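Working notes for the structure below.
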Amino acid sequence: MNRSEAGPLGSDAPTTPAGPGRGLAYAASAYGLWGLLPVFFLALKPMGPVELVAWRIVFSLVFCALLLTVTRRWGAFRVIARHGRTMAIMAVASVLIFCNWQTYVFGTLSGHVVDAALGYFINPIFTVLIGVVLLRESLRVAQWIAVGIAAVAVVVLAVGYGSVPWIALVLATSFGLYGYIKKRVGGTVDALSGLTIESLYLLPVAGVALVIVSTTSGLLIGAPGPWHLALTVLSGVITAVPLLFFAAASRRLPLVTMGLVQFVAPLLQFIVGVVFLHEAMPLERWIGFGLVWVALVVLMIDLAAAAGAARRTPPVLP
């Protein structure tokens, strides 16, 4: 099997043109699983968000260690671990993903699944702003229009909520910055090693959280029955597998395709929140979401046009 045919546990090397079909399947699997996360987390009630995230960290590390053992990749992991600058960057990524996980689980368990979906809808727009602020990139006119529409949407939603939609904004900010940080080490840290390092950094935080919960309200892992314990253990798998699928898809699909498929996750979350959990959607929220979706359409059209122009531009010969 060559690298172009490798599964999600393969290397991060570029692949041959034969990959897009399989890449789309990987992308759909990743975003589909992420989109259904609210259902999984709600099944773990009455466990609270602090305990749930702590166990998620613990079992993510256990699952990653098993994968590294089965795939015989501990050697590559040790090479990364010896690189001080990379480990320092990964420490920052760990803080950001912890904030993201904790906010997302809190939002899900407190009846704000729609807010969480909004966060991931506006994440691409926030990513554009990161390019301006941190990378000093210049925005095209269409990108400025998308950002402006999104800003209006946030104002409308704030009016509709009666307060700033902080869950959505924290999720968009933390995940956008997390993506920026991970891109800085993307060429040297594969998805599995990255999650292993992040889980290792967060293990002490998880330990402290579990001690605090056990001495206050008491640990609820497995309290409703053995199935609850099994689901909690599976939280490590649910965390790692979509990430590995995403890494495999990223190697096989163009940026435009990945940009379009990514909306599967927040769309599924939105459906879960509105249709199955019956979260309130007054007119102001529909207008706000509508504006966000218009902004995303503008952004995606611009991205597709820019990608098409880049393909038509002949390479500059030395």
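The values are calculated or read from the model by the stated rules, or taken from the named source; none is laboratory data. Given the structure is predicted, the values throughout are model-derived calculations rather than measurements. Positions of Cβ are backbone-derived with ideal geometry, glycine not excepted, and every protein chain shown enters the neighbour counts.
Odds and ends about this structure:
- Among the conditions (1) modelled with pLDDT under 95; (2) surrounded by 19 or more Cβ atoms within 10 Å (Cβ to Cβ), Arg56 misses just one, which is (1).
- Selection within region 197-224 - part of a helix (DSSP H, G or I) and β-branched (Val, Ile, Thr): Ile197, Val205, Val208, Val211, Ile212, Val213, Thr215
- Ala116 vs. criteria in contact (Cβ under 8 Å) with a residue 40 or more places away in the chain, over 20 Å from the mean Cα position of the chain (by Cα), surrounded by 20 or more Cβ atoms within 10 Å (Cβ to Cβ) and in a helix (DSSP H, G or I): no
- Apart from one condition, Gln269 fits all of (1) within 14 Å of the chain's Cα centre (by Cα); (2) surrounded by fewer than 20 Cβ atoms within 10 Å (Cβ to Cβ); (3) over 16 Å from Tyr26 (Cβ atoms); the exception is (2).
- Region 148-159 residues that are over 16 Å from Asn123 (Cα atoms), paired with ones that are among the aliphatic types (A, V, I, L, M) and modelled with pLDDT of 90 or more (beta carbon under 7 Å, 6 or more apart): Val156/Ile287; Val156/Leu291
- Pairs with Cβ under 8 Å, 6+ apart, first in region 164-188 and closer than 16 Å to Trp101 by Cβ and charged (D, E, K, R), second modelled with pLDDT under 90 and outside any helix (DSSP H, G or I): Lys182/Val189
- When Trp227 is tested against (1) under 15 Å from Pro49 (Cβ atoms); (2) assigned to a helix (DSSP H, G or I), just one condition goes unmet, and that condition is (1).
- Taken over region 62-85, the criterion of being free of Cβ contacts under 8 Å to residues at least 40 places away in the same chain and either touching a strand residue (DSSP E or B) at 6+ places or on another chain (Cβ under 9 Å) or not aliphatic (A, V, I, L, M) (or both) is satisfied by Thr69, Arg72, Trp74, Gly75, Arg78, Arg82, Gly84, Arg85.
- Selection from region 211-249 of residues that are surrounded by 16 or more Cβ atoms within 10 Å (Cβ to Cβ) and free of Cβ contacts under 8 Å to residues at least 60 places away in the same chain: none
- Check on Ala265, at negative phi and either assigned to a helix (DSSP H, G or I) or in contact (Cβ under 8 Å) with a residue 12 or more places away in the chain (or both): yes
- Test: residue in region 239-256 that is in contact with a Leu (Cβ under 9 Å, 6 or more places away or on another chain), within 25 Å of Gly107 (Cβ to Cβ), among the polar types (S, T, N, Q) and part of a helix (DSSP H, G or I): yes
- Qualifying positions in region 124-146 - crowded, with 19+ Cβ neighbours inside 10 Å and either over 22 Å from the mean Cα position of the chain (by Cα) or touching a residue at least 60 places away in the same chain (Cβ under 8 Å) (or both): Pro124, Ile125, Val128, Gln143, Ala146
- The residues of region 52-87 that are assigned to a helix (DSSP H, G or I) and hydroxyl-bearing (Ser, Thr, Tyr), listed by number, are Ser60, Thr69, Thr86.
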